[in-house]
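Single-structure report; data block below.
The values are calculated or read from the model by the stated rules, or taken from the named source; none is laboratory data. None of these values were measured; they are calculated from a predicted model. Cβ placement follows ideal geometry from the backbone for every residue including glycine, while neighbour counts extend to all protein chains displayed. Surface accessibility is based on the protein's heavy atoms, side chains included, excluding ligands, DNA and RNA. Shrake-Rupley method; radii C 1.70, N 1.55, O 1.52, S 1.80 Å.
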2 protein chains.
Amino acid sequence: MVTSTVPYSRPLHNLEYSGEHAPSTPPSLVEEACSALERIGCDLKKPAKSIVFRQGESADFIYFIQSGALRLDYQLEDGRNLVLDFLWPGRVLGIVENDVYAWSAIALVDVHLKRLRRSAVQTLAQNYPGITDLLLKQKTASLMAAKNHIILMSHPTATSKLIGFLLDYSKQPEYFNQATQVLTLVMSRKDIADYLGMTFETTSRIFKYLETKNYIKKINHRQIQLNTRMLLDP
Amino acid sequence: MVTSTVPYSRPLHNLEYSGEHAPSTPPSLVEEACSALERIGCDLKKPAKSIVFRQGESADFIYFIQSGALRLDYQLEDGRNLVLDFLWPGRVLGIVENDVYAWSAIALVDVHLKRLRRSAVQTLAQNYPGITDLLLKQKTASLMAAKNHIILMSHPTATSKLIGFLLDYSKQPEYFNQATQVLTLVMSRKDIADYLGMTFETTSRIFKYLETKNYIKKINHRQIQLNTRMLLDP
DNA sequence: CGAGTATTTGAGCAGCATCAATAAGAGTGG
DNA sequence: CCACTCTTATTGATGCTGCTCAAATACTCG
């Protein structure tokens with residue numbers, strides 16, 4: 001049941017965030033840092049729906065996503081649950097928080113993680129400057145994701161929010177089939193709603209609306225064929 | 001006209017973000033880094049409403065805010081303007097973007113900045129590990145601000161968004177008088193609206209509503225006395 | 001003081017939330 | 001493999017919140 005469907009173990013040097021020019025650290029140092037991290041990391045597989053860490057827990061570990069997908073949840077005092085982000089391979093969990101995790105991480109599908117003790121990473125960072133560099137890039141990636149999230153939430157209508165979400169999501173090669181244009185949703189209607197700031201009934205209704213307008217075609221609840229041209233157009 | 005009302009020049013070592021435990025770098029290194037940065041930085045004063053940098057411009061400089069307040073604007077293709085953040089002394093501008101600035105920075109009041117050439121900071125960072133550390137902390141600060149922003153935008157009603165905004169804002173000591181409980185708004189109704197994802201008419205109406213409920217008392221358009229206890233209660 | 005900008009206020013409507021009921025899928029054990 | 005249960009998704013009816021367009025008022029700055 002916990003058996004992952006992952007065919008191969010992704011090497012850590014795929015983690016580098018390419019959205020920023022390498023500032024001063026040469027690539028060799030980053031590679032060195034990755035292999036150093038690889039040595040102290042341990043492989044960890046978690047089944048779908050399992051919790052990797054909980055908001056408020058002592059933040060002892062950081063995790064590199066090798067494969068799969070996760071959801072970051074933030075529990076509000078008023079009882080609402082907010083989805084802060086969806087995470088894909090190449091991203092890192094647990095580097096932002098200080099002594100305790102500021103949010104929870106939940107596996108959406110079976111995931112393959114590399115777990116590293118935070119203190120070990122910090123010790124290692126003293127000898128490998130590439131590590132700090134890598135963490136800096138990961139934080140930039142988180143920040144850009146947050147900016148994107150804010151832009152999505154600022155859209156005036158639920159329809160444009162959802163269209164923006166689908167277009168962003170379709171950039172994930174493991175869940176969007178370019179040939180068939182079919183997007184596999186790894187998250188529920190409620191997850192999407194909690195991410196975009198709406199109710200899951202509205203999410204469902206907008207999916208329906210998009211189908212009547214031929215923007216999308218529902219294969220089943222979790223498989224949706226996109227009409228990318230039309231979604232990008234209006 | 002460009003004369004700043006700032007009484008003193010804030011030393012750079014006030015910049016350290018205290019929300020995270022110092023990982024491994026001892027404080028002495030951070031101080032060293034700050035004085036090194038101080039040497040290559042040049043003082044810059046900008047009047048209220050002036051643009052520090054524009055979205056899309058070549059990101060040659062980073063700025064440390066010594067005093068004043070700024071607004072980060074993101075221009076969308078559809079013509080809407082989004083306020084991504086309000087920045088206060090101690091924060092840094094321009095470290096997130098890569099080769100071009102991803103958003104614009106506008107002075108809300110007269111500001112005093114320390115301007116540093118990005119390339120010079122990168123060169124200096126090779127000798128002073130504290131610099132990378134400081135940048136890492138600043139990115140964490142940006143990310144936490146973004147998380148807060150997302151939480152605010154997720155609130156179900158415009159009233160709770162605005163209350164959340166006022167409570168967050170009242171943490172700024174230079175604009176909230178603890179004794180009189182008066183908050184000085186450095187931003188317009190439209191700025192607040194563009195930050196929270198609503199129209200400025202709604203912002204105005206909610207201010208009115210909060211006054212009728214005795215949650216706030218308007219001294220004038222830009223001076224508002226808060227009834228903090230009532231705002232925190234419901 | 002006057003022109004331009006920011007804010008307030010009003011009326012009407014559209015979109016989304018709420019509550020509620022049904023339908024479709026997924027998971028489980030016989 | 002099927003029947004049963006539990007979860008997830010859809011659909012419906014209704015009311016309220018906040019948007020739109022429009023006008024009036026307050027404030028700012030030269």
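Structural remarks
- Filtered residue count, the range A:122-133, keeping only those that are in a helix (DSSP H, G or I) and more than 18 Å from B:D99 (Cα to Cα): 8
- With respect to the conditions (1) within 9 Å of DNA strand C (Cβ to nearest atom); (2) under 18 Å from the mean Cα position of the chain (by Cα); (3) over 25 Å from B:N81 (Cβ atoms), B:E174 lacks only one, and its number is (1).
- Test result for A:K114, open to solvent by less than 20 Å² (accessible area, probe 1.4 Å), over 26 Å from B:Q75 (Cβ atoms), more than 16 Å from DNA strand C (Cβ to nearest atom) and among the basic types (K, R): yes
- Within the range B:124-164, the set of residues being among the hydroxyl-bearing types (S, T, Y), farther than 25 Å from B:R229 by Cα and facing chain A (nearest Cβ under 10 Å) comprises B:T132, B:T140, B:S142.
- If only residues of the range B:86-101 that are at the interface with chain A (Cβ under 9 Å from one of its Cβ atoms) and open to solvent by 20 Å² or more (accessible area, probe 1.4 Å) are counted, the one that is nearest to B:D168 (Cα to Cα) is B:N98.
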